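Please treat every number below as a calculation from the coordinates, not as lab data. Because the structure is a prediction, the values reported are computed rather than measured. Neighbour counts run over all protein chains shown; Cβ positions are idealised from the backbone, glycine included.
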Amino acid sequence: MNPLRMPFWGVDAAWLFYLLAALAMACLGLGLWEKISLWRQGRRAAPAPSSKQALGPALADVLLGRRIWRGGRIAGLMHLMLLWGFLGLFLGTCAVAVDHYLISFLHGRVYLWFSAGLEACGLLLVLGLMLALARRWLLPVARLERRPDDTLLPLWLLAVACGGFMVEAARLAATAPPWGAWSFVGYGLAGLFPGPEAARELFPWLWWSHALVSLGFIAWLPWSKLAHAIAAPASLYLQGQPLAVLAVAAEEGDLAALGLRHLLHLDACTRCGRCVEACPSARAGEPFSPRDVLHRARRQARLKYSPLYRLPWLRGRRQALLERDRAAGWEDAWYCTTCRACLEVCPVQAAPIEMVRKLRAGLVEQGSAVPPPLMDTLEKLHRYGNPWVAKKGAKAAWAAGRDIPDLSRSGQEADWLYFVGCTTSIDTRAQGIARALSDVFTHCGVSFGTLGKKEPCCGDIARRLGEQGLMEEQIEATRDLLNGRGLTRLVCTSPHCFDTIKKVHPLFLEEGLPLRVLHYSQMLHRLWRQGRLTFDHPMPLKVTFHDPCFLARHNRIVDEPRGLLGAIPGLELVEMAEHGLNALCCGGGGGRMWHEIPGQANLAVRRLEQAAATGAELVVTACPLCLIMLEDARKTGGFEDKFGIIDLSELVARALRLTAAMDEEAV
Amino acid sequence: MKILVLVKNVPEVAEAELEIEQGALDLEDLEMVVNEWDNYAVEEAVRLTEAAGGDVHLMTLGGEDDEDVLRRGLAMGAHSATHLCDEAFEGSDPTTLARVFAAAVKDGGYDLILTGVQSADLGQASTGVLLAQELGLPHATMAIALEPGAGEVTVTRELENNTSEKVALPLPAVVTVQSGINQPRYVSIMGIRKVRKMTIEMLEAGDLGLESQALGREASSVAGQSLALPPVGEGAQMLTGSLDSVCGQAAAILREKGGLA
């Protein structure tokens, strides 16, 4: 006897099944149509390139769940079981449809292996679901919520899977085909039935309940968080594409300016909570959560742009919900330090760092919800080209008594433009970096100059605070100055300037000269490798390195500063619990350096607690904002007799015995 | 409600290093900004019309560059603006200025005229009051709250030591607005770009039917004599030198005077 599938065995009224299936499919279709029509309203980075480079990593992320493993092995295992179990059953169902309606191929050995394969997938799914439920209820994982659908969804799927096995078991018990053992789970369960007759009698009941539960699940699928099965792969793929300039929203919290990518992010998120666990603000107990920002944005997007909310009987509800969100406001967007920790851990690359920027842009354009300290900062940036002092020409004071060519003037030439940056050139503590760095450059024989008093702000602060127009003005001013003087090789003090000039300026620079931008840690590392920077004097110190977010996470530069530290004889580097790409933010990014938010925590003190645990004598960093934040926290957090804070450039200058100024202050 | 707000561009001096050239402040390195009090007045007017409808019209008197102050106000939500621009106006004292404004305002049909309490640069705090006099309108000064009613406006005035007075004025009326009456909104670069194309009415002395000999320095009752920077105080000692040296000196002084135990 040739083994084969028996469609609709023992079931009457197949027409009723087809009718219900059509209804379920209509519901599925409606949900998908709603999502797709919403996504299509997002602006596409013109023209949307189909990047083959992004496809490989995206596929690996999806099919192997790489980014989920990174967050924990059990989560990774659970997701793989669910993904492959679900995917296997889905493909199996497609194969059955092909076999039933098009070409019959499920017979003989193929059918036996097919049956066994589906058994395995079903088993994987059941185990994965039990693991998922256990992670909420038996051994709860702190970051996971217990919203109704977090429990309902796995239970429902469990009912689908177990129901399927029971139907199969009843059929096997009733018919006892000789190949029954290939369906090993159902075969095992068949013993539960007292005899073939009972199984035959129960079979229609089991079959119909399985059918109803399954069809219900199909109808619910696009409305549940399982919609991430479509949005997440797209989100992962688009994340690998280059940055693009997007227009800014005209009104508060308006999402019209969101790109296709951002709208996909909204549906890709499954509320896993990794971002909340990683966010320095949320961790410190501030009223901010990347996940909540994302989901409020998602609700807004649906309310405003979903075709369903245009139906007359949903209009009242839409108005009420919009009103509620408007009353809540978006002010929590100001807590974000733009440190990128959320995106680093997000399995679907959806964390709302760009969204926060869009929200801020909306608040800035609307005007009345900009906190006064930030208004003051933006006014200074606009009028005086720096966020610190309301006077012109303050940027050259640090260099008094130093003979550094001013490359903004014609006739002055140098190989490298040292782009000092606002904070480094003006803040008294950070000026030490500029002085140390210029001494080190001179020591190594680097031909460099600065833009003196004329150095513009690179636009980073305006960008991070959502002042798009000001950012554009500053980028244009910088471009004009650089192009006018033919300057193309830049080295920056601040990872923030570095990031903006490297990644954002080129978007506006189509006409301009190609820029080559380095962070100074890269430059010094290169000089050391070339043998132009050598450390001859031992420095017996135990140090730890605080990675600036815009160096490590945003630009993946973690080895260069460590390479330099390792090159100094006698220096011992001890790492903090969180370092490199996982470093904890000092709290100075995203404009927070210039902001006092009600209820804000001292994020830098939390960082220094990690530093204190290493027993290091010096905390080294490579960013003027980190330096100021950590220095302040050292004084206010009671770390003064424990360790000093020093910038990498200052440490290098000290190792070279170029400067003594820092010695007493820092140690 | 039709509201007029008088605004003025003033140099920002708080953190700047000032220099005086030929009896006047050297404006070379100074930024011109909206007079702080006027900014509150514009915000208040915009809020009143946002809540109850109406129009906000802005007016300034100054040179060509002072158009910025009008563009900024338009970006905040004002609906139209007039720029009084004529060399003949230069050097006018507040009495003369009030006459010029009165000539420009008198047929405007405004329900409410707002000005800042004073200007940050000259601080005479009199243009608004003199304008009311010139127009024969009631006025109130130092407003920290405005509540428009039927045919009148109730003004809360800030007095010394946190006391305040409530007064009611029949409309039309002139009110000078104190800082802190509200939190003025941020004006973005994009916001200013959006109003770049709005037409601003330009008026010269002749358009207002004013003779130039009745204007300017000649017609003023007060003659300016000199402008001086603050003298270096006798009680103050300025330390100079590098950061380390300044800190060393300061520590030495504290030690010497017994400030350090």
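Tell me, how many Å apart are the Cα centres for the stretch A:287-322 and for the stretch A:440-456? The two parts, judged by their Cα centres, are 52 Å apart. Across the stretch A:59-223, Cα-Cα pairs farther apart than 30 Å form 22% of the total. Against chain B, whose longest principal axis is taken from its Cα atoms, helix B:94-105 shows a tilt of about 40°. For the stretch B:2-219, the square roots of the Cα gyration tensor eigenvalues, ordered a ≥ b ≥ c, give a/c below 1.5, which places it in the rounded category.
Rounded, prolate or oblate: which one fits the stretch A:491-622, using the alpha carbon gyration tensor with axes a ≥ b ≥ c (rounded when a/c is under 1.5, else prolate when a/b beats b/c, else oblate)? In terms of gyration-tensor shape, oblate. Counting lysine pairs in chain B whose alpha carbons fall under 24 angstrom apart, excluding pairs fewer than 8 residues apart on the same chain, gives 7. By the count of neighbouring beta-carbon atoms within 10 Å, fewest first, B:Thr141, A:Thr338, B:Thr199 end up ordered B:Thr199, B:Thr141, A:Thr338. Between A:Leu513 and A:Asp149, what is the label-to-label distance in nm when each label sits 7 Å out along the Cα-to-Cβ direction? Distance between label points: 5.5 nm.
Structure shown: which of A:Lys392/A:Lys635; A:Lys304/A:Lys358; A:Lys225/A:Lys358; A:Lys392/A:Lys454 lie over 19 Å apart, alpha-carbon to alpha-carbon? Where the Cα-Cα span goes over 19 Å, the pairs concerned are A:Lys392/A:Lys635; A:Lys225/A:Lys358. Remark: the protein assembly as shown carries a charge dipole of roughly 5440 debye about the Cα centre, counting +1 on each Lys and Arg Cβ and -1 on each Asp and Glu Cβ. Mean per-residue shielding of peptide A:384-394 is 3, counting Cβ atoms of other chains within 10 Å of each Cβ.
Shape of the protein assembly as shown from its Cα gyration tensor (a ≥ b ≥ c, root eigenvalues): rounded if a/c is under 1.5, otherwise prolate when a/b > b/c, or oblate? Since a/c reaches 1.5 but b/c is at least a/b, the shape of the protein assembly as shown is classed as oblate. Simple rule: put +1 on each Lys or Arg Cβ and -1 on each Asp or Glu Cβ in chain A, find the dipole, and look at A:His537, A:Leu221, A:Ser447; the Cα lying farthest toward the positive end is A:Leu221. For chain B, the longest principal axis of the alpha carbon atoms and the long axis of helix B:243-256 meet at an angle near 70°.
Taking R0 as 45 Å, what FRET efficiency do you get between B:Thr199 and A:Asp292 from their Cβ-Cβ distance, rounded to the nearest 0.05? Walk me through the intermediate numbers first.
Working: r = 45 Å, r/R0 = 1.01.
Efficiency, rounded to the nearest 0.05: 0.50.
Look at the dipole of the stretch A:535-666 built from charges on Cβ: of A:Gln610, A:Gly570, A:Leu551, the Cα furthest out on the positive end belongs to A:Leu551. Applying 0.36 nm per residue to the separation of B:Glu152 and B:Ala52 and subtracting their alpha-carbon distance, the gain on full extension is 34.6 nm.
With the cut-off at under 16 Å, measuring from each backbone N in the stretch A:280-295 to a point 7 Å along the Cα-to-Cβ line of A:Glu331 picks out A:286-289. At full extension, A:Arg73 and A:Trp15 could sit 16.3 nm farther apart than now, given 0.36 nm per residue minus the alpha carbon distance. With a cut-off of 19 Å on the backbone N, the residues of the stretch A:551-589 near the modelled label site 7 Å out from A:Arg657 along Cα-Cβ are A:567-571. Note on chain A: helix-only mean residue ellipticity at 222 nm, from DSSP H runs of 4+ residues weighted -39500 (n - 2.57) and normalised by residue number, equals -16500 deg cm²/dmol. For a label point 7 angstrom out from the Cα of A:Arg283 toward its Cβ, which stretches of the stretch A:329-373 have the backbone nitrogen within less than 14 Å? From the stretch A:329-373, the list is A:337-346.
Each Lys or Arg adds one and each Asp or Glu subtracts one; over the other residues with Cβ under 11 Å from the Cβ of A:Gly563, this totals +1. The phi torsions of the stretch B:54-71, fed into the Karplus equation with coefficients 6.51, -1.76 and 1.60 and a -60° offset, translate into couplings of x, 10, 10, 10, 10, 9, 9, 10, x, x, 4, 5, 6, 4, 3, 5, 6, 4 Hz, rounded to whole numbers, with Gly and Pro shown as x. Label-to-label distance for A:Ala477 and A:Phe184 is 7.2 nm, based on points extended 7 Å past Cα in the beta-carbon direction. Taking the centroid of alpha carbons for each part, the stretch A:57-101 and the stretch A:498-538 are 42 Å apart.
Once the Cβ-Cβ distance of A:Thr428 and A:Leu55 is raised to the sixth power relative to R0 = 51 Å, the FRET efficiency obtained is 0.50.
Between the helical axis of A:196-220 and the dominant principal axis of chain A, each derived from Cα atoms, what acute angle in degrees is found, rounded to the nearest 10? Orientation of helix A:196-220: about 30 degrees from the principal axis.
Taking label positions 7 Å along the Cα-Cβ direction at both A:His537 and B:Glu234, the computed distance is 5.0 nm, reported to one decimal. For the protein assembly as shown, DSSP calls about 30 percent of its internal beta bridges antiparallel. Computed from point charges on the beta carbon alone (+1 for Lys and Arg, -1 for Asp and Glu), the dipole magnitude for the stretch A:363-417 about its Cα centre is near 240 Debye. Count Lys and Arg as plus one, Asp and Glu as minus one, and take only other residues whose Cβ is under 13 Å from that of B:Ala223; the net charge is then -1.
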